[in-house]
Amino acid sequence: MTAANFQVNLRGVVELLAHHLYSSPRVYLRELLQNAVDACTARRQLDPSAPPARVLVEPGSVFAIHDNGVGLTAAEVEEFLATVGHSSKQDTLDGIRGDFLGRFGIGLLSAFMVSDEITVRTRSAREPDAPTIEWRATADGRYCTHLAAQPRPEPGTTVLLRPRADTSEWLSADRVTELARLYGSLLPVEVLVGEVPITRPAPWRASYPSALARRSALAEECQDAFGFAPFEVIDLAVPEAGLTGVAYVLPQAVPPSQQATHRVWLKGMLLGERVEQLLPEWAFFVRATVDVTELRPTASREALYDDALLELVRERLGAQLREWLSRLTATDPDRATAFLRLHHLGVKSLALHDDAMLTLVLPWLPFETTLGTVTLAEFRRTHPVVQYTATVDDFRRVAAVATAQGLGVVNAGYVYDVELLTRIAAVHPEWTVEQLDTAVVNAHLDAVDGDEELRWRHALGIARSALEPFDCDVELRAFDPVSVPALHLDDRDAVHERDRRAAVADADDLWSEILSGLAPAGAARARLILNQRNPLVRRLRSLADAELLRLAVEALYVQALLLAHRPLRPAESALLGRSYLTLLDRAVSP
């Protein structure tokens, strides 16, 4: 058996990088900056007395990037530049947890996304009189190495690229300056584009004359990075990951489903502008910008590798956000109220899994109730038992009547509310929290006297007959507000029975027979409660025309469904049109 080495199709590798690893050709500059900075870092480790690190980027018809780093010997050129996936950093230090930015040994190949030829001129700092070596490679996989015709005056490396016609825009002066500022503005070495320096201290680590000046500078940074002026700026730090930075609280509410993305720098090099999973899922109301030294990037260097350390970072950053909220509620109640009005969903999500946070924010969280939007503490002052509806439609169905009867109800139909109320009852046993049952509402409606019930006997018989096809009974009660002619009450048992009957109608013979056998004795039904105090309803009793009475009851039934925001079934939609048109016809007939 004969052993052989794999042959690498370089053009195929470049296509793979361009279309499946990197998100854009623009990363070529990031990779070249990374190599230059790592070379400077290696030289400082080799010789602490070396000149200050410096990287010079020169756009033009021939793009050039120069560094005064450690350089390469002729043997190292052959070993590292001509071998795909082999990095000099791998052999010296752990490339990601040490001082180096690079790791995978493929960064230089990204230059082939914008140029068909790469020229590298390098002189090693490891040998006193090292020659300048020139290595030239083309995208079809060929390369050559020889002594450079133009020796470098000092150790370091120069990379030269000639743009293709279709990529010249990526190497233009304006675009190169933009990309250098984007990727390299926080690098720990001096980086210039032409003669213009582009590096600066991280804004959250810079010195400012006052706290107000720092807040203003960070707000401006947030506007540039994320496009909004922050509600608040929160400092972040996780020493185990070498993480420093800030979190910006959004000034407007966002849905929980919106994926939060963050700006992450790795040892001063921008990793990505939309990095996910840096913060806990519940923290969707903040956007962070951080610099880290110990987290691992993916091969594309555009996302973080999800490992135990990143999980620790999420936990620590989540704790810091909780601490900020705790300080806010303790020191600035007005500001805390304003924050919770905006971001109560995120705080509710957090409180579901953190009992201490639940207790902390409970006095502040707003809920929609029959008293208006109030906190539960305010609600309990007049209604010690917290009764809630599980859906918004249920709340709308009973809100007007419940308010008129003095019945307090909380609308728990929004995200997290039912789970949160259940959690409150578990954590605080002194609270009584119950889901509202239609029997409670019914108990607050006044019964009519026997004589009135007797006078309505004939009309109620016609009304019940009219709504029989819709599994709905009809009752007569007296309640406020007088403006509501009818109320549709539909308890959980009635909903289940209606769903079962719908399934029977849609099932084949076998399943229809099985489901029919599951019908409980005296199955619950929805109820249309006619309001005896309403003038229109009072006139129904005296109608001599039975057909007109049926039409009026059908119209009131559909109106009650619409007021309750309950979706109409096909038969109910047909009833809406039929009753309306028939009543209109009766109204205009001579």
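Every number in this text was worked out from the coordinates using simple rules, so none of it is lab data. No experiment lies behind these values; they were computed from the predicted model shown. When we count neighbours, we look across all protein chains shown, and the Cβ atoms used for this are built from the backbone with ideal geometry, even at glycine.
Numbers below:
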{"read-out": "Per-residue Cβ neighbour rank within 10 angstrom, fewest leading, D451, D332", "value": "D451, D332"}
{"read-out": "25 °C / 0.890 mPa s Stokes-Einstein diffusion coefficient of the range 343-491, Kirkwood radius on C-alpha pairs, µm²/s", "value": "143 µm²/s"}
{"read-out": "Protection-proxy order for peptides 199-212, 277-290, each taking the mean of Cβ atoms within 10 Å per residue, highest first", "value": "277-290, 199-212"}
{"read-out": "Around S465: net Lys/Arg minus Asp/Glu count, Cβ-Cβ under 12 Å", "value": "-2"}
{"read-out": "P(r) tail fraction, the range 316-420 - alpha-carbon pairs more than 17 Å apart, %", "value": "54 percent"}
{"read-out": "Stokes-Einstein translational diffusion, the chain - Kirkwood Rh over all Cα pairs, 0.692 mPa s, 37 °C, in µm²/s", "value": "108 µm²/s"}
{"read-out": "Farthest positive-ward along the chain dipole, Cα basis, beta-carbon charges - from S207, V264, T73", "value": "S207"}
{"read-out": "Ranking of R566, R121 by count of other Cβ atoms within 10 Å, fewest first", "value": "R566, R121"}
{"read-out": "Descending Cα extents along the principal axes, the range 435-478, whole Å", "value": "35, 29, 10"}
{"read-out": "For the range 170-246, Kirkwood radius (reciprocal of mean inverse C-alpha pair distance, Å)", "value": "14.3 Å"}
{"read-out": "Rg over Rh [alpha-carbon atoms, Kirkwood Rh] for the range 229-314", "value": "0.95"}
{"read-out": "Fraction in percent of alpha-carbon pairs per bin - 5 Å, the range 384-456", "value": "3, 15, 22, 19, 15, 11, 5, 4, 3, 2, 0"}
{"read-out": "Inter-label distance for R457 and A173, nm, one decimal - labels placed 7 Å from Cα along Cα-to-Cβ", "value": "10.1 nm"}
{"read-out": "Net charge of Cβ neighbours under 11 Å - reference G71; Lys, Arg +1; Asp, Glu -1", "value": "+1"}
